[in-house]
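Structure, as structure tokens:
The values are calculated or read from the model by the stated rules, or taken from the named source; none is laboratory data. Treat the numbers as computed from the prediction; the structure is a model and nothing was measured. Cβ sites come from the backbone with ideal geometry, for glycine too, and all protein chains shown count toward neighbours. Just so you know, the surface numbers come from the protein's heavy atoms only, side chains and all, with ligands and any DNA or RNA stripped out. Shrake-Rupley method; radii C 1.70, N 1.55, O 1.52, S 1.80 Å.
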Amino acid sequence: MKARQKILLLLMAFALVLVSACGGNNSGNSNSSNTPAATNAATNGDKEPDPVTLRIAWWGGQPRHDYTMKVIEMYKSKNPHVTIEMEYANYDDYWKKLAPQAAANELPDIIQIDTQNYTQYAGRNQLADLTPYIGNQIDVSDISQNAIDGGKLGDKLYGMNLGVNALGLNYDPALLKKAGIESIPENWTWDDYVGMAAKAKEAGLFFDSGMRAEVFFGYYLRTLGKTLFNAEGTGLGYEDDQMFVDFFGMLSKLVIDGAVPSPDVLAQIKGAEDSHLVLNQGIGVWQWSNQYVGLQQVANRPMALAPMVGPEMTKGLFLKPSMFFSVSENSKAKEEAAKFINFFVNDIEANKLILGDRGVPVSAKVKEALKEVSSEAQIQVYDYVAWAESNSSPMDPADPIGSAEVFKSLTSLAEQMNYDKIKPEEAAKKFRDEATSILKKNK
């Protein structure tokens, strides 16, 4: 009998152990395999993402720093496994800090890059190719191919376009009418432009404040099916110097005739508030679309945007990336960096903080959503860039190494032509010689 009691007691004890093992653990231990999260992970085959630290660097003023930090906090709240270290400065200090980091292969995971420095970093294998992440970690379903291709160098994508701008004439419609011109047609030509400039002069106005040589000569060449640089970056992209003579001959004549201000007059302008347009002395300004809002705010009166001059305007016009987010080649967290870039580009709430500060958003959905919280001038820019997107061609390859020296030469020669110190024919030959000497180093 005692033996049977012992057996029964042993059986009861064993049963209690089984119940304890199979029952829930109510101790509050978050590592328990029976918590709902762990159960779902076991069911779905998922697991909590591993902790990741990203370094992100950008330049800008204090307003950009402030909203970028808010966007980063928003991202971290949705992705608690990600820690983000921020490095930011003004433009000049930013590049001074980035250069030694690049030399030591210690670049941040995510880097803000401008078009001027893009080739230098991408061409030296310091940036990762983002192609594998496009359509995966980076959603491009609402982004045009032209906007994506703006970050390409060769057949690789080294930067995600954060926003786009388009060239055009920012002008005052009331001053245009004062010069006896009712409107600027969408398909206007260089002859139309010269004629309007003459009417402006007769009305005691400047038509515009001139065209930046390197930007608008490049546009003019595109309308003729040529480019400023060849595809390899080893020389100029056009052979006939008559193109140079025609373009700069036309522009310098407008300056010499007084329809456009001379360089010494322009040198007196220290800011937008001093511009002839703001002072009601000039009809318009040739510039990028992202500069329109600031100019309109200073002018504080209705303004408009006109397209570039033709013929073949659609061949010349292109969407220019304002800047890129790139991922460093030495990053150990490329996929997570790509996910952050996707958030920055596509998240509507994040972009309500950004408000197009880095260029008109490349996502069509984001652009449409921002109209609800944007000023009338910002909406004008969104609409113009949307129009340009349908009336433009892919941009040229990124400017080659040495382009800054080439631009310096072109700007100097343009100024000399505007002072009538050198004729366009001589300037064309001199520019070709100087540009060829600079670019041949890339061979």
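How much FRET efficiency would the formula 1/(1 + (r/R0)^6) give for Ser183 and Asn300, where r is the Cβ-Cβ distance and R0 is 22 Å, rounded to 0.05?
Once rounded, the FRET efficiency stands at 0.45.
Mind telling me which of Gln268, Gln378, Gln297 comes out most flexible in a GNM of the chain, alpha-carbon contacts under 10 Å?
Its mean-square fluctuation being the largest, the pick is Gln268.
Could you list which residues have their amide H under 5 Å from that of Leu157, counting only those 5 or more apart in sequence or on another chain, with H placed in the peptide plane?
Hits under the 5 Å cutoff: Leu130, Thr131.
What is the packing order of peptides 256-267, 336-347, taking the mean over residues of other C-beta atoms within 10 Å and listing the highest first?
The densest-packed peptide leads the list: 336-347, 256-267.
Output wanted: per-residue J couplings in Hz (rounded whole) for the stretch 405-412, from phi through Karplus 6.51 cos²θ - 1.76 cosθ + 1.60, θ = phi - 60°, x for Gly and Pro.
Residue by residue, the stretch 405-412 yields 5, 5, 5, 4, 4, 5, 4, 5 Hz.
Let me have the relative contact order for the chain, percent, based on Cα pairs under 8 Å that are six or more residues apart.
Reported relative contact order: 24 percent.
Can you tell me the orientation of helix 91-103 relative to the chain, as the angle in degrees between its alpha-carbon axis and the longest Cα principal axis, to the nearest 10?
With rounding to tens, the tilt is 60 degrees.
Considering only Ile148, Gly135, Leu98, whose Cα is most displaced toward the positive end of the charge dipole of the stretch 94-152, charges sitting on Cβ of Lys, Arg (+1) and Asp, Glu (-1)?
Leu98
Which angle from 0 to 90°, rounded to the nearest 10, does the C-alpha axis of helix 242-257 make with the longest principal axis of the chain?
Helix 242-257 and the main axis of the chain meet at about 70 degrees.
So if we plug the beta-carbon distance of Ala99 and Ala174 into 1/(1 + (r/R0)^6) with R0 = 56 Å, what FRET efficiency do we get, rounded to 0.05?
0.70
So for the stretch 356-443, averaging the separation of alpha carbon pairs under 8 Å that are six or more residues apart and normalising by length, what relative contact order in percent results?
Value for the stretch 356-443: 24 percent.
Using θ = phi - 60° and the Karplus relation 6.51 cos²θ - 1.76 cosθ + 1.60, list the HN-Hα couplings for the stretch 161-168 in order, rounded to whole Hz, with x at every Gly or Pro.
These are the phi-based 3J(HN,Hα) values: 4, 8, x, 10, 10, 9, 6, x Hz.
Give me the percent of DSSP beta bridges within the chain that run antiparallel, rounded to the nearest 5.
Here the antiparallel bridges make up roughly 65 percent for the chain.
Considering the zone a paramagnetic label at Met250 would reach in this model (a point 7 Å from Cα along the Cα-to-Cβ line), which residues of the stretch 186-209 have amide N under 14 Å from it?
The answer is 187-198.
Under 12 Å from a point placed 7 Å out from the Cα of Leu279 along the Cα-to-Cβ direction: which residues of the stretch 179-218 have their backbone N that close?
Counting only backbone N, you get 206.
In whole percent, how big is the carbon plus sulfur part of the accessible area of the chain, probe 1.4 Å, protein atoms only?
Within the chain, the accessible surface is 51 percent carbon and sulfur.
Quickly estimate the mean residue ellipticity at 222 nm for the chain, helices only: each DSSP H run with n ≥ 4 gives -39500 (n - 2.57), and the total goes over all residues, rounded to 500.
So the helix-based figure for the chain works out to -14500 deg cm²/dmol.
Full extension from Ile269 to Lys156: what is 0.36 nm times the residue separation minus their Cα-Cα distance, to one decimal in nm?
Contour length minus Cα-Cα distance gives 36.6 nm.
Quote the FRET efficiency, to the nearest 0.05, computed for Lys429 versus Glu405 with a Förster distance R0 of 22 Å and r equal to the Cβ-Cβ distance.
FRET efficiency, Lys429 to Glu405: 0.80.
Would you list Glu335, Glu239 from the most to the least accessible area, probe 1.4 Å?
If we order Glu335, Glu239 from most to least accessible, we get Glu239, Glu335.
Suppose all protein chains stay in the model; what accessible area per residue would a 1.4 Å probe give for the chain, in Å²?
Computed with neighbouring chains in place, this is 50 Å² per residue.
If packing is taken as the mean number of other Cβ atoms within 10 Å per residue, what is the order of 187-194, 387-394, highest first?
Ranking the peptides 187-194, 387-394 by packing returns 387-394, 187-194.
For Glu335 and Tyr419 in the same chain, what is the full-extension length gain: residue separation times 0.36 nm, less their Cα-Cα distance, in nm?
Once the chain is fully extended between Glu335 and Tyr419, it gains 24.8 nm.
Starting at the first residue of the stretch 209-221, write each ³J(HN,Hα) from the Karplus equation 6.51 cos²θ - 1.76 cosθ + 1.60 with θ = phi - 60°, in whole Hz, x for Gly and Pro.
Here the 3J(HN,Hα) series is 10, x, 10, 4, 4, 5, 6, 7, 5, x, 4, 4, 4 Hz.
Could you work out which residue, out of Pro80, Pro173, Pro108, moves most in a Gaussian network model of the chain, that is, has the largest mean-square fluctuation with Cα springs under 10 Å?
Result: Pro80 has the largest fluctuation of those listed.
Quick check: the angle from helix 2-22's long axis to the longest principal axis of the chain, C-alpha only, nearest 10 degrees?
In the chain, helix 2-22 runs at an angle near 10 degrees to the longest axis.
For the chain, with the dipole built from +1 on Lys and Arg beta-carbon atoms and -1 on Asp and Glu ones, taken about the Cα centre, which of Leu251, Ser437, Pro261 lies farthest toward the positive end?
Ser437
Separation between the His81 and Trp387 pseudo-spin-labels, each 7 Å from Cα along Cα→Cβ, expressed in nm?
4.7
Is there a quick way to get the dipole size of the stretch 266-345? I mean about its Cα centre, with the Cβ of Lys and Arg at +1 and of Asp and Glu at -1; what is the value in debye to the nearest 20?
60
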